[in-house]
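Chemist: First, the structure itself, so that you have it in front of you.
The values are calculated or read from the model by the stated rules, or taken from the named source; none is laboratory data. None of the values given here were measured: they were computed from a predicted structure. Neighbour counts run over all protein chains shown; Cβ positions are idealised from the backbone, glycine included.
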Amino acid sequence: MIVAIDGPAGAGKGTLARRLAREFNLAYLDTGALYRAVGVRVLEMGADPADPASAAHAARTLDPSSLESARLRDEDAGDAASKVAAVPEVRAALLEFQRGFAKAPPSPCTGAVLDGRDIGTVVCPHADLKLYVTASAEERARRRTLELQEKGFDAIQERVLADIIARDERDRDRTAAPLAEARDAFVLDTTEMDADTVFGLAAALFRSRADQLAETEPEKSGKPDRP
Ligand code: DC
């Protein structure tokens with residue numbers, strides 16, 4: 001079973017995807033990390049992440065081991081990621097890897113969950129379950145500021161909010177695979193929800209979809225065929 005989770009920065013997609021992966025034995029791919037790794041690579045080359053030639057070169061020669069780097073979580077990595085992500089050649093270079101992961105998740109997982117901006121619309125348009133996780137920009141900024149402060153950074157909420165708004169605009173307004181809700185996605189607005197409530201809703205949707213697949217496509221559901 002393939003689960004696609006999309007939504008803007010800081011909406012809680014990663015937390016939800018990790019919990020779903022653990023609960024339902026799915027392999028998890030954080031596709032934002034791919035764009036972050038490309039962005040960091042361009043910065044390390046001393047180039048501009050918005051320069052299409054540098055960004056495309058970094059994407060084509062990406063070393064998968066760089067996906068583990070702690071540097072990817074930095075704010076400048078997120079900003080660079082959002083810039084390289086607007087370059088069509090970068091998106092094309094990362095597309096097959098993402099589709100391959102969804103189609104053949106590493107053993108012993110029985111399915112995959114991918115989170116990003118275009119999973120339900122472009123990467124896996126035939127995903128079995130699509131979720132669009134969102135929250136108001138103010139709430140996302142509040143959560144992100146707390147997270148940064150807990151890590152010991154001197155974060156100022158107004159500045160974090162300005163970064164989030166700029167990133168939202170860039171991710172939504174680009175021509176190449178912009179952030180958008182798939183028509184058949186379930187929208188979870190988490191502004192007033194805690195992580196357990198979001199997980200409870202998503203898990204219920206997953207179970208109901210798995211039951212539906214067990215009726216119609218037993219081989220996909222991971223459940224034994226009904227007599
Ligand atoms: O989810 P994140 O904050 O780690 O993503 C970083 C940036 O990468 C985000 O601003 C836009 C880009 N991205 C994308 O364009 N498509 C994806 N599937 C995932 C991320």
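Chemist: Please give the number of the condition L62 fails out of (1) away from the ligand (no atom under 15 Å from the Cβ); (2) hydrophobic (A, V, I, L, M, F, W, C); (3) in contact with a Phe, Trp or Tyr (Cβ under 9 Å, 6 or more places away or on another chain).
Modeler: Result: L62 passes all but (1).
Chemist: If you don't mind, there's one more thing I want to ask. Does any residue of region 73-81 turn out to be near the ligand (Cβ under 10 Å from one of its atoms), modelled with pLDDT of 95 or more and among the acidic types (D, E)?
Modeler: no
Chemist: For region 190-210, name all the residues that are assigned to a helix (DSSP H, G or I) and in contact with a Ser or Thr (Cβ under 7 Å, 6 or more places away or on another chain).
Modeler: A195, V198, A210
Chemist: Right, next: Need the failing condition index for T145 against (1) hydroxyl-bearing (S, T, Y); (2) more than 22 Å from G200 (Cβ to Cβ); (3) within 17 Å of the chain's Cα centre (by Cα), just the number.
Modeler: (3)
Chemist: Given (1) of a type outside the set (S, T, Y); (2) over 20 Å from V160 (Cβ atoms); (3) more than 10 Å from the ligand (Cβ to nearest atom); (4) out of contact with any Ser or Thr (no Cβ under 9 Å at 6 or more places or on another chain), identify the lone condition not met by R91.
Modeler: Of the numbered conditions (1) of a type outside the set (S, T, Y); (2) over 20 Å from V160 (Cβ atoms); (3) more than 10 Å from the ligand (Cβ to nearest atom); (4) out of contact with any Ser or Thr (no Cβ under 9 Å at 6 or more places or on another chain), the odd one out for R91 is (3).
Chemist: To continue, here is another question. Is region 128-151 home to any residue that is β-branched (V, I, T), more than 23 Å from L213 (Cα to Cα), in contact (Cβ under 8 Å) with a residue 12 or more places away in the chain and part of a helix (DSSP H, G or I)?
Modeler: Yes, region 128-151 contains a residue that is β-branched (V, I, T), more than 23 Å from L213 (Cα to Cα), in contact (Cβ under 8 Å) with a residue 12 or more places away in the chain and part of a helix (DSSP H, G or I).
Chemist: I'm trying to understand the selection: among the residues of region 1-58, which are free of Cβ contacts under 8 Å to residues at least 40 places away in the same chain, within 16 Å of the ligand (Cβ to nearest atom) and at positive phi?
Modeler: Listed by number, the list is empty, since nothing qualifies.
Chemist: Follow-up. On the given criteria, is R140 within 16 Å of the ligand (Cβ to nearest atom), at pLDDT below 95 and surrounded by 15 or more Cβ atoms within 10 Å (Cβ to Cβ)?
Modeler: When the stated conditions are applied, R140 does not pass them.
Chemist: Just one of (1) touching a residue at least 24 places away in the same chain (Cβ under 8 Å); (2) away from the ligand (no atom under 13 Å from the Cβ); (3) aliphatic (A, V, I, L, M); (4) outside any strand (DSSP E or B) trips up V187, so point out which.
Modeler: Single failed check for V187: (4).
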